[in-house]
1. Can you tell me which residue is farthest from A:L91 (Cα to Cα) among those in segment B:91-105 that are more than 10 Å from chain A (Cβ to nearest Cβ) and buried (at least 18 other Cβ atoms within 10 Å of the Cβ)?
2. Restricted to segment B:69-90, and to residues that are farther than 19 Å from B:V11 by Cβ and touching an Asp or Glu at 6+ places or on another chain (Cβ under 9 Å), which residue is nearest to the other protein chains (Cβ to nearest Cβ)?
3. Among the candidates B:L144, B:L156, B:L170, single out the residue that is open to solvent by 30 Å² or more (accessible area, probe 1.4 Å), more than 27 Å from B:I56 (Cα to Cα) and more than 14 Å from chain A (Cβ to nearest Cβ).
4. Right, B:D68: modelled with pLDDT of 90 or more, assigned by TED's automatic domain parsing to the domain that holds B:F109, of a type in the set (D, E, K, R) and over 18 Å from the mean Cα position of the chain (by Cα) or not?
5. Of all residues in segment A:32-53, which are away from chain B (no Cβ under 14 Å) and either modelled with pLDDT under 85 or open to solvent by 70 Å² or more (accessible area, probe 1.4 Å) (or both)?
6. With respect to B:V154, is the statement that it is more than 17 Å from the chain's Cα centre (by Cα) and in the same structural domain as B:E201 (by TED's automatic domain parsing) true?
7. Mind checking which residues of segment A:54-63 are of a type in the set (S, T, Y) and within 12 Å of chain B (Cβ to nearest Cβ)?
8. Select from segment A:34-84 the residues that are over 17 Å from B:N110 (Cα atoms) and basic (K, R) and list them in ascending order.
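The values are calculated or read from the model by the stated rules, or taken from the named source; none is laboratory data. Quantities reported herein were computed from a predicted structural model and do not represent experimental measurements. Note that each Cβ is placed from the backbone with ideal geometry, even for glycine, and that neighbours are counted across all protein chains shown. Remember, those area values only see protein heavy atoms, side chains included, never the ligands or the DNA or RNA. Shrake-Rupley method; radii C 1.70, N 1.55, O 1.52, S 1.80 Å.
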Amino acid sequence: MFGSKKQPVVDTTIAGTTPIADAQPRTTVTITGQVIRMQSRPASDLPTMVISIKDSTGTATATWTGRRSMGGIALGRRIVITGVATHTSGLLTFVNPEYQLLA
Amino acid sequence: MKIIIAGAGSVGRYMAEELSKLGHDIFIVDNDAKAISRVVTNNPRVTSILGDGCEIDTLTKAGAQDADVVAAVTGDDEDNLVISLLAKQEFAVPRVVARVNYPSNEWMFNDMWGVDVSVSTPHLLTALVEEAVAVGSLVKLLSLEHGKAGLNEVTLAPDSPAIGSTIANLKLPRESAVVAVIRDGHVVVPALDTVLHAGDEVLVLATGDVEAELGRALIGPK
C-alpha cells in the first residue's frame, strides 16, 4: 500500500497502544498518532474542539466539548489518546478523551 | 434493544412498562429501593439496578457498555445531564435521550452534554396547546437532530395561498417535505397531485431556518 520510500506517519509501537484500524468500538482503547487536522466551531456555535489523529493504519477524531482549544495540542504534534471509541459514519471517534502529549 | 432508564419516577416507570411490553430489554436505575420495587413487581421482565445513575459504577452494573439507548428521565435536570454525559463519554452509547424538567434549562440539553434527543414536557404541552388553537400559523411540534430539523404544522386558513394548489405546486423551500395531511380526522398520504383544502392540517418536515419560507407558502404574506 505505502511506497517503500514513504515513512509511516508515526510508529504505532508505543507499548500498550492500539493501531487505529484495530481499535474496537465501545471499549476503552489507547491510540497514538499525529494531529493532522484541528477544527473549532465558530463563536456563535457551541464551543467544541475537534482534531483528527492519524497513525500508519488509519485516522481517528477526538472531540472535546465546552472548549475551543486544548493546552499543548497543535498540528503535527504526536499525542496519545485514551477513551471509549465509537464508529461515527465509519470514523473512529472519541468524546472528551484523556490525552498525553509526546515529544 | 437494550435500554437503560435512569429514574424510576412516574415517567421512568411508564417507559419501562411500555418498552418492556414491546419486547425491549429494560434496565431501570434508581437509588430509591421503593421506587425500583414498584416498577419490578408489576413488570418481572424489567431488570432493576439500585444505585446512583450519576456514578460510573452504577451505569457499569446496568451494562451501559452494550446499551443501545440510555434515557435519563429523573426529576432533576442536573442529574439528567450528568447521566447523559457519562453515557456518551464513558460508554459511547449510540442514543442518549434526556428529559428536561425546567424549560429554562433546555438550552443545555445538547451534544455538549452528550444528549442526542431532549424531551421537554412543558415545551411539548405548549406546542400541543398552540397547535390545538391555532389556525393559519406555523407551529413547531418537534425538533429533531439537535434542532437542525423540525416537524411543523399548519392548519390552513381559508385565505391561505396553498388552498386549491397541489403539493407539487406549493412554493416550499428546498429542504422540506410535506409528510402528511390530516383532513377531517383522516390521514391523507401526500402525493404530488394532492390538492389542499381549507382546514387541512399540513405536517411539514424541514431542516434549517426555513420557517419564513414555509410561512409564505402555507400561510401567505403577513
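1. Residues of segment B:91-105 that are more than 10 Å from chain A (Cβ to nearest Cβ), as a first pass: B:95-105.
Filter once more, keeping what is buried (at least 18 other Cβ atoms within 10 Å of the Cβ): B:96-101.
Numbers: B:V96: 20, B:V97: 23, B:A98: 25, B:R99: 29, B:V100: 31, B:N101: 34 Å.
My answer is B:N101.
2. B:K88
3. After ruling out the rest, the residue left standing is B:L144.
4. So B:D68 does not fit the description; no.
5. A:I36, A:R37, A:M38, A:Q39, A:P42, A:A43
6. Details: more than 17 Å from the chain's Cα centre (by Cα): yes; in the same structural domain as B:E201 (by TED's automatic domain parsing): yes.
So B:V154 fits the description; yes.
7. A:T63
8. Across segment A:34-84, the qualifying residues are A:R37, A:K54, A:R77, A:R78.
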